[in-house]
Amino acid sequence: MMPIKTCAGTSIKVLQEGNLNERFGYTKDQLNNQMKTGVKGVLTTAAIGGATYAATKSSKVNSYVGKVLTQVANSETFKKLAPKAKEVLTKLNKLPGSTKAIALAGTALAAIAAYGISKEGAYNAGAIDQKYSDKVDIRRKIEE
């Protein structure tokens, strides 16, 4: 048997010990998971970009977001979670007032969304690994 090159989210057990049906099912499910994760990332980025663009055109939104973001940026929690927050804030302070608030909101929202999407994708990849590893174990016990 040829050595199998693996990457994150691959079960060596399924790929080496699984039958052809298990291998195809595993690969299909992992590919499906990766595609869903990628599409979610693209759609989320597009939505955040569109919302950020629309918000920069509204002075009411700009002023409200600016107030909220000032409170968030000065909180201790934000400073602990984002070690480079001061550097980012310094760069954003060079922008005009309305753009500054919207850029910070868009950046924060994009980071939170990306984290959530990648965490969900990794969780699903692990669940798929476990599902097919269990199938291999059950089949091998039955065959014994």
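The values are calculated or read from the model by the stated rules, or taken from the named source; none is laboratory data. Since the structure is predicted, the reported quantities are computational estimates derived from the model, not experimental observations. All Cβ positions, glycine included, derive from the backbone under ideal geometry; neighbour counts span all protein chains shown.
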Show the residue pairs meeting these rules: Cβ distance below 7 Å; 6+ apart or different chains; first residue within the range 101-122 and in contact (Cβ under 8 Å) with a residue 12 or more places away in the chain; second residue surrounded by fewer than 14 Cβ atoms within 10 Å (Cβ to Cβ).
Ala103/Leu95
Considering every residue within the range 7-23, establish whether at least one is under 30 Å from Gly126 (Cβ atoms), modelled with pLDDT of 65 or more, of a type in the set (S, T, N, Q) and part of a helix (DSSP H, G or I).
yes
Just checking, which of Lys91, Lys67, Lys57, Lys135 is more than 23 Å from the chain's Cα centre (by Cα) and modelled with pLDDT of 85 or more?
Lys135
